[in-house]
Amino acid sequence: MKKNKIIFHISENLSYRYGGVNKFLNILNSNLKFCSHNFIDVEKIKIFNFVKILKKNKENIFHVHGIWNYKLVLASLLIILSKNKFVLSVHGNLNNFIWKNKGYLILILRKLYWSLIGYPIYKHAKKIHAVERTEHYNLKKLFKHNDIQEINHLYNFNKRKIRIKQIKKNIIYYGRVVNNKGIHNLISAFTKSNLNKNFKLFIYGPKVDYQYFLKLKKLSNIYKDKIFFCDPLLGNQKKKILQSSWVFVNPSISEVLGYTNFESADNNLPIIISNKCGIYDKSLPKYLIIEPNVNQINKSLSLVMEWSMKKRLVIGQRINKIFNKKYNKAKLIKKWQKFYGL
């Protein structure tokens, strides 16, 4: 009997506080049964233990997740020196926002790092994974000679019929509280569109960037009875909140197919999605895929707040069907099998 290949997933942090990489790895692990999966956290493993793994696994595959952490750079270099094969997922870490979001000096330093260290190492990746078409386009410009394959996120959509008992007039954002999520634009848009209406805005998530969180608190200070900051959504509480809210707003300035969009669709929750999230579908109402600025978010919120309860339910069911069809699990699993060469 042929022995399954092992995929060693190498990441800088497996905590939910650092985005969707952890969920991405868990879903791969539960769905790609044609191989085994091992997980290596470069923040925890010692170099000599990693070198031992490399020596014993010449026939297996190493999958590097991310590019900026110096320990990931070192791990990739060790893979090259040991003559092992590796593939790469950058998870949005080379998009335009990442290059420019810290100012001109950081932009220069990042370009120096990339030309002197990053590219000379990561160009050795046998294949590079792009999550969606914008990332694919950006990676093609940076890796002109590499095999880049676009594979959307896998997601385990539930087949059961959702029975929603009660829907509240709550607008929600959930996810990390960091600058690139555009939450400041959501708050500004909400305060403009919410005049004389009974809607409330709930922001759920870990305060990864505490200074940014303080900025948001200040921005929402005069609307304490309308805007609430809450702990991250987990487990059954998440399901309950998603199924009982009016709409989820994802105002991200930079993101690649965030899992929050999939979870919302899976729970029949309508979504207002930034056009920077990598979701492109002409069957979605135009006002639900927007440019993530205050005016556009405001216009969409104003329309959504006028929905009847019946329309809210119909739109939620429609989004669920669109996501189930577009992100077909069987097709995506075949793409992963091809990506790993198995």
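Values in this text are rule-based calculations from the coordinates and carry no lab data. Remember, it's a predicted structure, so these values are computed and weren't measured experimentally. All Cβ positions, even for glycine, are placed from backbone atoms using ideal geometry, and neighbour counts span all protein chains on display.
Which whole-number percent of Cα pairs in the stretch 1-146 have a distance greater than 18 Å? Don't skip to the answer; put the middle values down first.
Details: 6225 of 10585 pairs.
For the stretch 1-146, the fraction of Cα-Cα distances above 18 Å is 59 percent.
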How would LYS215, LYS338, LYS200 line up from fewest to most surrounding beta-carbon atoms within 10 angstrom? LYS338, LYS215, LYS200
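Take ASP147, ASP266, ASP225 and order them by how many other Cβ atoms sit within 10 Å, fewest up front.
Numbers: ASP147 11, ASP266 21, ASP225 7.
By the 10 Å Cβ count, ascending: ASP225, ASP147, ASP266.
Only counting other Cβ atoms within 10 Å, I'd like LYS168, LYS286 sorted with the fewest neighbours first.
On the way: LYS168 13, LYS286 8.
With the fewest neighbours first, LYS168, LYS286 line up as LYS286, LYS168.
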Compute the distance from the alpha-carbon center of the stretch 107-148 to that of the stretch 232-255, in whole Å. 32 Å
All-pairs alpha carbon distance profile, the chain, 20 Å steps from 0, percent: 29, 55, 16, 0
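For the pairs LYS56/LYS276; LYS238/LYS282; LYS100/LYS127; LYS224/LYS276; LYS239/LYS310; LYS55/LYS238, flag any whose C-alpha to C-alpha distance is greater than 32 Å. Show your work: numbers first, answer last.
On the way: LYS56/LYS276 41 Å; LYS238/LYS282 28 Å; LYS100/LYS127 26 Å; LYS224/LYS276 29 Å; LYS239/LYS310 20 Å; LYS55/LYS238 43 Å.
Over 32 Å Cα-Cα: LYS56/LYS276; LYS55/LYS238.
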Just flag the trypsin sites (Lys or Arg not before Pro) in the stretch 71-124 sitting in loop per DSSP whose Cβ has no more than 15 other Cβ atoms within 10 Å. LYS83, LYS102, LYS123
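Of all the Cα-Cα pairs you can form in the stretch 170-326, what percent are over 20 Å apart? Don't jump to the answer; show the numbers that get you there.
On the way: 5446 of 12246 pairs.
Counting pairs separated by more than 20 Å, the tail of P(r) holds 44 percent.
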